[in-house]
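The structure under discussion appears below in the form of structure tokens.
Every read-out reported here was derived from the displayed coordinates using simple, explicitly stated rules and does not represent laboratory data. Being a predicted model, the structure only gives us computed values, none of them experimental. Please note: Cβ atoms are built from the backbone with ideal geometry, for glycine as well, and neighbour counts cover all protein chains shown.
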Amino acid sequence: MEIIQHLITGFEIALSLKNLLFCFMGVTLGTLIGVLPGIGPVTGVAILIPITFGLDATTAIITMAGVYYGAMYGGSTTSILLNVPGESSSVMTTLDGYQMALKGRAGPALGMAAISSFIAGTFSIIMLSWIAPVLADFAVAFGPPEYFALTFMGLTLVTGLAGDSLIKGIMSGVFGLLLACVGVDAISGSPRFIFGSIYLLDGVGFIGVAVGLFALAEVLVNIEEPLKQVFVNTKLSMKSLFPNRQDWKDSVGALWRGSILGFFVGVLPGAGATVASFLSYATEKKLSKHPEKFGTGVIEGVAGPEGANNSAAGGAMVPLLTLGIPGSGTTAVLMGALLIHGIRPGPLLFQEHPEVVWGLIASMYIGNVLLLILNLPLVGLWVSFLKVPYKILMPLIITISAVGVFATDNNIFDMWIMFGAGIVGYVMRKLDFPAAPVVLALVLGPMVERSLRQSLTISHGDISIFFTRPISAVLTTFALLSLFAPLVRKFWKTYRRAKME
Amino acid sequence: MRKADQITGIVMLVFSLIVAYTSWQMPQRVEFGPGMGFLPFWLAVLMAVLSVLLLFDATMRKSASAGKPFPTSQALRNVGMVIAGLGVYIAVLDTVGFAVSTVLYVVYLLAIVQNERWLKSAVISLLSTGGLYVVFQVLLEVKLPQNIFGF
């Protein structure tokens, strides 16, 4: 019952007035970011790094994680009322949620979205509390070759799954790794690629890159064409939000399937909340007795994906905390934030900083309760935020980003990095290069390089070390296979098409 | 998209060759293992291969139309104005000070870039700059840049 004991300690930390307050702020901000189209969780977390910089690590990570899973709640509101997904993870919710709203059933749709988010979110945190320590114990014995294989696998999975083009995904990842090489080499202590600038000795600032690539680039894409918003006007009373008995009967199966599916998809690096909600919707449609009704406003089409994306957010914390492998852009930014606070996620985290891990996990239980309260009775409040035009939001996002980046180090050079990263990020979006692998590679880069060079030093330059140690062999093979998976899929498709003709 | 990918492929090929050349000059091997030029060199080689693949893939592609359309001139104007304004904002921040430059930049974004009414822009700008000041300077105790007059 060691875990119960850890959890109790965690709750003692999370229930302190300060942490409770910041958890509340995090989930509130997360809901807001989720509600507003055109600003996503990555942007929210990236902007919060500098703002929470002065806090202690536990409070900072509690706040930022709150934004992450809070956004999963908020995203559904916009999907249901506007037919515009607040986040990419709530795209599936637009299909049946908006149709329900058109039929005057916006209330139950919003209610079911919040309730299923809560149930699935809590389920995934329970899973996280039990699985994470076990996995961490297992990974403690990892040496440099295992670490290299692990980070390599994290990178290949994310680059393989991000975007449409495999070549472009890998190029993004390699570009991020090259960026990570800038600065003083950790092993020899000599500088490289600094172009005579003392500011680059510490490397390319992570915060500037993350805020530029996500927040600024997002603004630039959105400013091209003004967003059009069409409201479904509905009166929302507290009573109208509760799904009726039939709604429950329809949703229960979708909800538990979505929860389980979402958690395991979330654990897998590279997949995450969006894929989870996608899979859940597809599963429900397949299992349904009336698949033809999907897309016309069936409540299980809301319950399943909304449960799955919340469960995935909890699942994504597993590889981040236990292995130090973030599986998505948002968790990569979270990891960068932890590193800035001097905390290295990984198997040792549970021994070295139990207060951070268990404080965070406990805060997630509390955060989900807070979110349920925020999203059920107060849903009207969030709807009114949707009436703030993007025109006014845009200057706010830019100035908060710019001042925030400055504030971390009182350094204008970091603002220039953000500026450059913003332009690069915009061009990348236009050319269909995914941005997440860059940030992921920048965060993992130093670890990749250190473990690679240490491994090759151990083996006297023999590359077979990655294939002769069992764990590292499995991981490396899996990583290489995952790179070829899209190719196999492509060939399979052409093959099938050829056969059909 | 085809042309864009071809150009990207060429630009990235040149970039990776420069990186490869630079890192080749760094120590590739030290006494007990790979040196600091080792990883960047091989990354650059990989990047060069990928660039050639992208170039090849784009040239071989059947349809040229797939992908996002090129941004309209209106879109480019908006994006360019936001970026240019931000560049000026960062450049003058240290001498003009946080308060003045932020008020001006936000008014510029609202009134000039997005054709919002001047009065409304000015009010929003003053409020948001004030808000940022309270959050960062007062609550988070960050020393925001000041001009010679102290604001």
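With a threshold of 22 Å on the Cα-Cα distance, the over-threshold entries among A:Lys285/A:Lys387; A:Lys103/A:Lys293; A:Lys387/B:Lys120; B:Lys120/B:Lys143; A:Lys168/A:Lys285; A:Lys103/A:Lys391 are A:Lys285/A:Lys387; B:Lys120/B:Lys143; A:Lys168/A:Lys285; A:Lys103/A:Lys391. In angstrom, the C-alpha Rg and Dmax of chain A are 22.3, 71. Considering only trypsin sites (Lys or Arg not before Pro) in DSSP loops that have at most 13 other Cβ atoms within 10 Å, the longest stretch of chain A without any of them is A:104-227. On a 0 to 90° scale, report how tilted helix B:2-24 is relative to the longest principal axis of chain B, with both axes built from alpha carbons and the result rounded to the nearest 10. Helix B:2-24 sits roughly 80 degrees off the main axis of chain B. Across peptide A:458-467, the mean count of Cβ atoms from other chains lying within 10 Å of each residue's own Cβ comes to 1.
With the convex hull built on the Cα atoms of chain B, state its orientation-averaged projected area in nm².
Numbers: hull surface 61.6 nm².
Convex hull of Cα atoms, orientation-averaged projection: 15.4 nm².
For chain A, the longest piece that avoids every one of the chymotrypsin sites (Phe, Trp or Tyr not before Pro) found in DSSP loops with at most 12 other C-beta atoms within 10 Å covers A:232-501.
Taking every residue in A:415-427 and counting other chain Cβ atoms within 10 Å of its Cβ, the average works out to 2. Using alpha carbons only, how many degrees (0 to 90, rounded to 10) separate the axis of helix A:144-161 from the longest principal axis of chain A? For helix A:144-161, the angle is close to 40 degrees. Counting Lys and Arg as +1 and Asp and Glu as -1 over every other residue whose Cβ lies under 12 Å from the Cβ of A:Ile423, the net charge comes to +2. Per residue, the protein assembly as shown reaches -23500 deg cm²/dmol at 222 nm when only DSSP H runs of four or more residues are counted, each adding -39500 (n - 2.57). The long axis of helix A:41-51 is offset from the longest Cα principal axis of chain A by roughly 60 degrees.
Sort A:Ile3, A:Ile119 by Cβ crowding within 10 Å, fewest neighbours at the top. Show your work: numbers first, answer last.
Numbers: A:Ile3 15, A:Ile119 22.
So the residues, fewest neighbours to most, are A:Ile3, A:Ile119.
Sum up the charges of everything whose Cβ sits under 9 Å from the Cβ of A:Pro144, counting Lys and Arg as +1 and Asp and Glu as -1, but leave A:Pro144 out.
Values: positive: A:Arg450, A:Arg453; negative: A:Glu146.
Combined, the nearby Lys, Arg, Asp and Glu give +1.
Note that the stretch B:100-115 has calculated 3J(HN,Hα) couplings of 5, 5, 5, 4, 5, 5, 5, 4, 4, 4, 7, 7, 8, 5, 10, 6 Hz, one per residue in order, obtained from phi through the Karplus relation 6.51 cos²θ - 1.76 cosθ + 1.60 (θ = phi - 60°); glycine and proline are x.
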